[in-house]
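Working notes, beginning with the structure itself.
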Amino acid sequence: TTKTKIGNSEFRNCFMNAAGVYCYDKNELEQVINSAAGTFVTKTATLQSRSGNPEPRYHDTALGSINSMGLPNLGFDYYLDYLLELQKTHPDRTFFFSLVGMSTEDTHTLLKKVQESDFNGITELNLSCPNVPGKPQIAYDMETTENLLTDIFSYFKKPLGVKLPPYFDIVHFDQAATVFNKFPLTFINCVNSIGNGLVIEDESVVIKPKNGFGGIGGEYIKPTALANVHAFYKRLNPSIQIIGTGGVLTGQDAFEHILCGASMVQLGTTLHKEGPSAFERITNELKAIMDKKGYKTIEDFKGKLKYL
Ligand code: DHB
């Protein structure tokens with residue numbers, strides 16, 4: 001079985017979409033619900049709906065993707081209303097709600113609304129959007145992150161996790177883990193896209209916003225994703241679980257994320273390229289690897305990476 005648990009919630013499968021892919025509206029989210037995925041996360045919602053950056057703003061390449069979407073979303077109320085409806089029609093399932101404010105004040109407004117609502121799922125606070133001009137990735141500023149989480153946990157009592165950008169320095173892993181260990185986080189999600197890459201074809205950039213700079217996903221980023229999952233697995237309180245995201249094209253990639261410590265694995269670029277049938281394919285590939293190795297559950301190998 002590839003069942004898993006995050007916080008107190010059980011999931012029939014350890015795969016789900018990554019925020020931003022197949023999660024813009026009810027139609028896309030329903031396709032994920034009806035696939036082999038264990039659950040979904042919504043597109044990161046802001047207080048007001050947003051149309052996002054000018055197109056073209058997403059481009060597939062042989063080894064992955066580049067995007068600068070700019071947080072296009074239907075607004076907080078749309079996703080909350082749908083999640084509340086799903087709690088009635090699917091009482092046995094738990095879904096994730098991704099959020100961030102366009103300002104600190106907005107983030108608190110959003111999280112207070114979630115706290116006061118009947119939402120009983122899991123909230124993912126996006127600290128790592130690389131694509132809104134003039135807005136730095138929050139999680140690259142440790143002091144801002146610590147102050148934000150201090151304020152949030154003064155009123156927010158529901159399960160909460162954070163979506164992180166990749167870090168590239170051991171000292172940054174240490175500093176970030178020290179901050180996260182001060183809070184009752186349910187999970188961290190490693191990693192968002194590698195921010196501000198540049199893809200060129202025919203002497204030209206391939207996306208319009210920011211003269212072509214955008215977040216890189218897919219095969220390019222697996223080593224960075226695995227390093228982040230494992231670095232935090234070794235540093236965080238065991239009560240903080242890890243969602244592994246980045247470079248999952250096959251069951252082998254998912255196996256490696258779990259070996260590094262992931263309790264759930266998300267598909268972004270691969271889901272965008274292949275559609276929701278990717279969940280069944282990759283689940284079957286992971287199950288075949290587990291069968292061959294004699295592993296019955298993901299707990300049998302989670303975090304058990306071998307060193308030389
Ligand atoms: C967008 C991209 C991200 O990587 C993210 O975390 C949030 C939003 C975007 O451009 O829409």
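The equivalent ellipsoid of the chain has semi-axes of 25, 23, 21 Å, largest first, where each one is the square root of 5 times an eigenvalue of the Cα gyration tensor.
Given their separation in residues at 0.36 nm each and the Cα-Cα distance between them, Thr250 and Thr104 gain 48.8 nm when the chain is fully extended.
For Glu124, the residues whose modelled amide H falls within less than 5 Å of its own, excluding neighbours fewer than 5 places apart on the same chain, are Phe97, Ser98, Leu99, Gly161.
Database remark: amide H of Gly195 closer than 5 angstrom to the amide H of Ile216 (H placed geometrically; neighbours at sequence offset of 5 or more, or on other chains; Pro and chain starts carry no H). When the GluC sites (Glu not before Pro) in segment 191-241 are filtered for DSSP coil states and for at most 12 other beta-carbon atoms within 10 Å of their beta-carbon, the remaining sites are Glu203. Residues in segment 89-102 carry Karplus couplings, in order, of 7, 10, x, 8, 10, 10, 10, 9, 10, 8, 9, 6, x, 7 Hz; the curve used is 6.51 cos²θ - 1.76 cosθ + 1.60 with θ = phi - 60°, and Gly or Pro positions show x. Secondary-structure-derived ellipticity at 222 nm for the chain, considering helices only, amounts to -10500 deg cm²/dmol, per-run term -39500 (n - 2.57) for DSSP H runs with n ≥ 4. In plain terms, if you count all Cα to Cα distances in segment 176-259 and split them into 5 Å steps from zero, the share in each step is 3, 14, 21, 17, 15, 13, 9, 6, 2, 1 percent. Ordered from longest to shortest, the equivalent ellipsoid semi-axes for segment 139-187 are 20, 11, 9 Å, each the square root of 5 times a Cα gyration tensor eigenvalue.
Across all Cα pairs in segment 69-220, the calculated P(r) in 5 Å bins from zero up to the longest distance comes to 2, 8, 17, 19, 18, 15, 11, 6, 3, 1, 0 percent per bin.
A Förster radius of 22 Å combined with the Cβ-Cβ distance from Asn196 to Glu10 puts the calculated FRET efficiency at roughly 0.05. Of all lysines in the structure, those lying under 28 Å Cα to Cα from Lys208, and not within fewer than 8 positions of it along the same chain, are Lys26, Lys43, Lys135, Lys163, Lys222, Lys273. Extension gain for Thr89-Lys292 works out to 69.3 nm (0.36 nm per residue, less the C-alpha to C-alpha distance).
Taking the number of Cβ atoms within 10 Å of each Cβ as an exposure proxy, the fewest-first ranking of Glu124, Glu146, Glu116 is Glu116, Glu146, Glu124. Segment 140-213 and segment 231-245 have their alpha-carbon centroids 14 Å apart.
Legend: ranking of residues Tyr22, Tyr233 from fewest to most surrounding C-beta atoms inside 10 Å; resulting order Tyr233, Tyr22. Here's the picture: charge each Lys and Arg Cβ at +1 and each Asp and Glu Cβ at -1 in segment 128-248, and of Gly218, Ile170, Gly244 the one pushed furthest to the positive end of that dipole is Gly244. Under the shape rule built on the C-alpha gyration tensor, where the axes satisfy a ≥ b ≥ c, segment 1-72 is prolate, since a/c reaches at least 1.5 and a/b is greater than b/c. Normalised by 2.2 N^0.38 Å, where N is the number of residues, the alpha-carbon radius of gyration of segment 161-308 equals 1.11. Estimated from the Cβ-Cβ distance and a Förster radius of 25 angstrom, the FRET efficiency linking Ser117 and Asn147 is about 0.50. Across the chain, the mean sequence separation of Cα contacts (distance under 8 Å, 6 or more residues apart), normalised by length, yields a relative contact order of 20 percent.
The local environment of Phe11, defined by Cβ-Cβ distances under 13 Å, has a net charge of +2 under the rule Lys, Arg +1 and Asp, Glu -1. Coordinate range of the alpha-carbon atoms in segment 233-291 per principal axis, descending: 35, 27, 15 Å. The phi-based Karplus calculation (6.51 cos²θ - 1.76 cosθ + 1.60; θ = phi - 60°) puts the 3J(HN,Hα) values of segment 156-168 at 8, 10, 8, x, 9, x, 10, 8, 10, x, x, 9, 10 Hz, whole numbers, x for Gly and Pro.
Here, each number is a calculation from the coordinates, and none is a lab measurement. Keep in mind it's a predicted model, so treat the numbers as computed, not measured. No Cβ is skipped: glycine too gets one built from the backbone with ideal geometry, and neighbour counts run over all protein chains shown.
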